[in-house]
Amino acid sequence: MDLLIIRIVFISVVAVACYYLQPFGLARFPQWAAVCAGIFIGLIVVWFEARLRVVSLKRLIGAVMGSILGILGAYLFSVVIKNSITHSESQRFLMLMVMLLMSYVGLVVGANKGDLLNLAALGGIFGSEKQSRKSFKILDTSVIIDGRIADIADTGFLDGVVVIPQFVLRELQLVADSADSLKRNRGRRGLDILQRVQKIVTVNVQIVEDDFPTVREVDLKLIELAKMYEAKIITNDFNLNKVAQLQGVEVLNINELANALKPIVLPGETMRVFILKEGKEYNQGVAYLDDGTMVVVDNARKMIGKTIDIAVTSVLQTTAGKMIFGKFDERSRPPERVDPKVETGKTEIRKPQPIIVESSGHSQPE
């Protein structure tokens, strides 16, 4: 309420000032035109102030620095224009256009790059920024194509700024334009996943233009970019995971996260699975859990197409996934239903029934 009163007072002051001072040649028009112009100018200033309230401190500092650098560059260009162009009207027009262009570009680019500033290094009142110092996360091409990153972001577990390098977008575009239908579908899926992530309101997506021309491999570029911004790399590439860890870059592996969320199965426990196909070894059967985990079962070749209870013998878990090994005990197989009149391995012997023959006066057995 107090802010609203202050805004109304400010607009009124601007309107009164325009009424008495008559700027921009408003004296030639009726007095109410000067009042309307003052109210319009005051509304523009209030709207600009309201927009600045929602801008982060990093972005605001970046915009100011970008504007200062743009104005400085425009001044240098203006000196060149003044000494090279003699026509006064063209000279003033070009100087004005250069000033507007450089100021605008500096403002936009500075605000765009402001989120990457590390204010914690300045200390003092910026010390509170220290907690979000390493909140930048760089997406790898493989994790974008995988698609699970969108589900993670949709649940709200992905915080901070999601950084997407321009060279990763170029790689996705090359894959989407590939002549191979499989690669083309994977590339298009990756682009669709990026659009889905950008539409999530709780995720701050930042596309950066930083590149390393001397580095040819995309994985090494990701590592250099992570070092520059002290960011973490989100990937499911096993090789990139190992190389990044060797160079001191933190990595968030989607496969490791998926393995951590899987139900824990300990050796000796009993589980119920559906035998889908034959295994590679003799007398083995293969089953799959709902999350895709492979279950290799000994003595289960004859049970293909059936649901059985197995005893877990061991669990093999790696960054590439998890495998469960079990054993089927045929003695625990439920007995088949048998006709009570017929027992397995025996034949029922029926005694002959007596035949009654009727005759005159009496009957006797045959």
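Per q in 0.16 1/Å, what log10 I(q)/I(0) does a Debye calculation on the alpha-carbon atoms of the range 265-330 return? Those come out to -0.44, one per q.
List the chymotrypsin sites (Phe, Trp or Tyr not before Pro) within the range 135-244 that fall in a DSSP loop (any state other than H, G, I, E or B) and whose Cβ has at most 14 other Cβ atoms within 10 Å. Qualifying residues, ordered by number: Phe157.
How would the range 2-116 be classified by its alpha-carbon gyration tensor: rounded, prolate or oblate, with rounded meaning a/c under 1.5 and the a/b versus b/c comparison settling the rest? Since a/c reaches 1.5 but b/c is at least a/b, the shape of the range 2-116 is classed as oblate.
Scanning residues 5 or more positions from Val161 or on other chains, those with amide H under 5 Å from its amide H are Phe136, Lys137, with H placed 1.01 Å from N in the peptide plane.
According to the square roots a ≥ b ≥ c of the eigenvalues of the Cα gyration tensor, what is the shape class of the range 130-260, taking rounded for a/c under 1.5, prolate for a/b larger than b/c otherwise, and oblate for the remainder?
Judged from the Cα gyration tensor, the range 130-260 comes out rounded (a/c under 1.5).
For Asp210, the residues whose amide H sits under 5 Å from its own are Gln166, ignoring neighbours fewer than 5 places away on the same chain, with H placed 1.01 Å from N.
Any read-out appearing in this document is the output of simple, stated calculations on the displayed coordinates, not a laboratory observation. Quick caveat, the model's predicted, so the values are computed rather than measured. Positions of Cβ are generated from backbone atoms using ideal geometry, with glycine treated the same way; all protein chains shown enter the neighbour counts.
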